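Quick notes on the structure that follows.
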Amino acid sequence: MPATRPSLAVEIAGLKLQNPVMPASGTFGYGEEYAPYLDLNRLGALVTKGLSLNPKAGNPTPRIAETTSGMLNAIGLQNVGVSEFIQGKTPLYRQLTTPVIANFFGNTLEEYGEVARRLADIPEIAAVELNISCPNVKQGGIVFGTEPTAAAQVVTLVRKALQKPLIVKLTPNVTDITVIARAVEEAGADAISCINTLTGMAIDVKSRKAKIANRTGGLSGPAIRPVAVRMTYQVVQAVKIPVIGIGGIMCARDALEFLIVGARAVQVGTANFIDPGVMMTIIDDLEQFLVDEGLTDINQVIGSFTG
Amino acid sequence: MKNYATIILSNQEISPAYFRMRILTPGFAAVAAPGQFVMVRPELGLPTMLRRPFGIFRTGCLPAECEGLPPREYMEILYKVVGEGTRILSELHQGDRVELLGPLGNGFDLGAPGREKLLVGGGIGLVPLFMLGEALLAQGSRVRLLMGGRTRDDILALTEFERSGVETYVSTDDGSFGEAGLVTKVLERKLRKYPDAEVYACGPMPMLRAVADLCASLRADLQVSLEAHMACGVGACLGCVVKGVGHSEATPRYLCTCKAGPVFAAAALDWERATVASDGCGGECK
Ligand SMILES: Cc1cc2nc3c(=O)[nH]c(=O)nc-3n(C[C@H](O)[C@H](O)[C@H](O)COP(=O)(O)OP(=O)(O)OC[C@H]3O[C@@H](n4cnc5c(N)ncnc54)[C@H](O)[C@@H]3O)c2cc1C
Ligand SMILES: Cc1cc2nc3c(=O)[nH]c(=O)nc-3n(C[C@H](O)[C@H](O)[C@H](O)COP(=O)(O)O)c2cc1C
Ligand code: FES
């Protein structure tokens, strides 16, 4: 055992994180839901549920279904809206030392800009994560994530609207994710989150109906991890800005796969539902991994891929 | 509420396809209220990933003298095997590990002490009513359980209710046990006899809807316990919502079954617009 504990600290777009582990948007509510179960101050960062300009009702139910090693969801970005968020949710964040990242989206270009402006001067929000990748809303969302010109346009607009670190979250539902990654980098993104859910579908064979009301939904969980690791690897190669790896992380070993191919941090999503303490275990086990490997700093692992 | 990484004390089939599982949960009884639920998962690999929600049937304690062991606090779930997750649970044995998050959600409002209480259970929906019955008896109310099922196999734990002091009335669709017909028929009769009664119901959606209609027309106070597909159980995923009264696309009033419920005042729900959009058992499992 080395005398000093190894360092898990990482830096992303100027944000200093005590460790590289944070929840994935939409799987951790606004943070308050999990506050009774774990110490939010131990997280690398806190990422909120996706916000829109006005409150959003979301999709009809059932909204979720379990599939082999994964789950489908079509929540439809139900959220309280940015004003209620600022009023009702940020007081909790004032008491935290962990930086808070606000995830948001718009139905139109103008809406993206307006939400960004509202978040610009809120001191409790350390950074924003721009969702141009949700498969569950009819307008906006995914259109901005699948087309490089549209992606660049929305990033440029949001970039102008605020000074905070700007993370852009990409969809895997494209032919070549590196094209979009380069487009958002050029447009001024400070970092990339990779990936959102994969569009999927599940059928109840007795009723012949889709298992969720929206018919299609976003697939998350262990089932998508190999795809997510591959895309993270490709995006890391394609851009110079830092990348946050997301997709099916259940344990420290899963997180390490992303870090080794070059992700600077990771987000844990579906696993929180299965084990509300999972992020704490991952943080502890990452530290233990460094000790076991005789390393002193998590940055020695990041990008250490040897082919 | 806390996460218990614990073991199964027993797991037995009590009627075809219905199981009763007793789980070691020190400290649970003191915090669990009637109507709350737990999220359970077997500590196996990943044939199913997500936890499954179950009502708390009862809590208890094995006395200290038993087998020379210290007193052991437990909680029990009653469940019906309907799919992969409940099938896996049904194959677990004494000593197998499970994880249990709870108690979760809001339980029943016990209402006015001394007032007549009618509990309406459809099949496995009787689960949250047992602790409720005990609590209502303890506050000095008269408690009657109206228990409906498709057939006699769907009628569970009656003696347990009776032993605790609850009067029971049974009806089955096929007449194989108790009165033939729907439980709402029995409820209507009782409500006419005790117009002041407070009603508590849990069961398949079509039954709850019928109970809600009946209680609305007879102006009886009704609380219902709902089911919805759940991923987190704590209000984080928004997967489990139901429509509250006054819901519209412009003024969304989605309520989380896990956090605002699973028990709701019937008047708080939008029954007209397909309130519980979760298909749940689709009324099939009753
Ligand atoms: C608050 C609450 C309390 C419940 N209490 C009980 C109880 O005491 N006893 C009991 O037998 N059942 C209870 N249920 C229903 C029970 O959770 C489901 O029967 C169970 O999840 C089915 O899982 P499965 O893997 O066997 O079925 P599958 O159909 O294979 O499950 C697939 C998915 O659908 C979900 N699902 C399927 N049916 C239901 C349903 N009716 N309600 C909610 N989710 C469903 C599962 O959670 C899972 O995510 C309760 C549900 C809720 C929400
Ligand atoms: C229930 C649910 C809700 C989600 N909501 C959002 C959201 O609001 N904004 C967003 O950018 N991503 C959202 N996501 C996607 C996750 O943040 C994450 O990218 C995805 O689930 C993959 O990670 P996982 O496999 O670890 O869950 C959601 C995912 C789930 C399962
Ligand atoms: S089950 Fe996740 S919000 Fe209710």
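Gaussian network model of chain B, Cα springs within a sub-10 Å range: biggest mean-square fluctuation belongs to which of B:Ile23, B:Ile14, B:Ile155?
Judging by the Gaussian network model, the answer is B:Ile14.
Once Rh for chain B is found with the Kirkwood sum over Cα pairs, what is the Stokes-Einstein diffusion coefficient at 37 °C and 0.692 mPa s, in µm²/s?
It diffuses with D of about 171 µm²/s by this estimate.
Does the range A:50-101 come out rounded, prolate or oblate, given a ≥ b ≥ c as the square roots of the eigenvalues of its C-alpha gyration tensor, rounded meaning a/c under 1.5 and, failing that, prolate meaning a/b above b/c?
oblate
Suppose all protein chains stay in the model; what accessible area per residue would a 1.4 Å probe give for chain B, in Å²?
Value for chain B: 40 Å² per residue.
Under a 10 Å cutoff between Cα atoms, tell me which one of A:Leu109, A:Leu130, A:Leu170 has the largest fluctuation in the Gaussian network model of chain A.
A:Leu109
Quick check: from the Cα gyration tensor, does the range B:100-164 come out rounded (a/c under 1.5), prolate or oblate?
The shape class here is oblate.
Which whole-number percent of Cα pairs in the range A:1-118 have a distance greater than 26 Å?
31 percent
Chains A and B: buried accessible surface, both sides, probe 1.4 Å, rounded to 100 Å²?
Chains A and B together bury approximately 2600 Å².
What's the percent breakdown of Cα-Cα distances in the protein assembly as shown across 20 Å bins, shortest bin first?
Binned Cα distances yield the sequence 20, 49, 26, 5.
With a point put 7 Å past each Cα toward its Cβ, work out how far A:Leu38 is from B:Ala30 in nm, to one decimal.
Taking the simple label geometry, A:Leu38 and B:Ala30 are separated by 2.7 nm.
What percentage of the solvent-accessible surface of the protein assembly as shown, computed with a 1.4 Å probe over protein heavy atoms, is contributed by carbon and sulfur atoms?
51 percent
If Lys and Arg each add +1 and Asp and Glu each add -1, what is the summed charge of the other residues whose beta carbon sits under 13 Å from the beta carbon of A:Thr296?
Its environment carries a net charge of -3.
Consider all pairwise Cα distances in the range B:50-119 and report the whole-number % of them above 16 Å.
67 percent
What is the extension gain from A:Ala120 to A:Thr306, computed as 0.36 nm multiplied by their sequence separation minus the C-alpha to C-alpha distance, in nm to one decimal?
Extra length from A:Ala120 to A:Thr306 when fully extended: 62.9 nm.
Does chain A come out rounded, prolate or oblate by the C-alpha gyration tensor, with a ≥ b ≥ c the root eigenvalues, rounded set by a/c under 1.5 and, if not, prolate when a/b is larger than b/c and oblate if not?
Taking the square roots of the gyration eigenvalues as a ≥ b ≥ c, chain A is rounded.
Could you point to the residue in B:Leu145, B:Ala268, A:Tyr93 farthest towards the positive end of the protein assembly as shown's charge dipole, with +1 and -1 charges on the Cβ of Lys/Arg and Asp/Glu respectively?
Result: B:Ala268.
List the residues of the range A:26-59 whose accessible area drops by at least 40 Å² when all protein chains are present, compared with their chain alone, using a 1.4 Å probe and counting only protein heavy atoms.
Going by heavy-atom accessible area, the residues of the range A:26-59 that drop by at least 40 Å² are A:Glu33, A:Tyr37, A:Ala57.
Lys/Arg Cβ at +1, Asp/Glu Cβ at -1, dipole of the range B:1-143 taken about the Cα centre: which of B:Leu89, B:Tyr74, B:Phe54 is farthest positive-ward?
B:Phe54
Report the calculated FRET efficiency for B:Arg163 and B:Glu43 (r = Cβ-Cβ distance, R0 = 51 Å), to the nearest 0.05.
0.95
Which one of A:Tyr34, A:Leu219, A:Ala263 is farthest out on the positive end of the charge dipole of chain A, using unit charges on Cβ (Lys, Arg +1; Asp, Glu -1) and the Cα centre as origin?
Checking the options against the dipole of chain A, the answer is A:Leu219.
Mind checking the dipole of the range A:40-157: about its Cα centre, +1 per Lys or Arg Cβ, -1 per Asp or Glu Cβ, Debye to the nearest 20?
Dipole of the range A:40-157, to the nearest 20 debye: 300 debye.
The values are calculated or read from the model by the stated rules, or taken from the named source; none is laboratory data. Computed from a predicted model, the values in this text were never measured in an experiment. When we count neighbours, we look across all protein chains shown, and the Cβ atoms used for this are built from the backbone with ideal geometry, even at glycine. The protein model used for the area step is the full one, side chains on, heavy atoms only, and it has no ligands, DNA or RNA in it. Shrake-Rupley method; radii C 1.70, N 1.55, O 1.52, S 1.80 Å.
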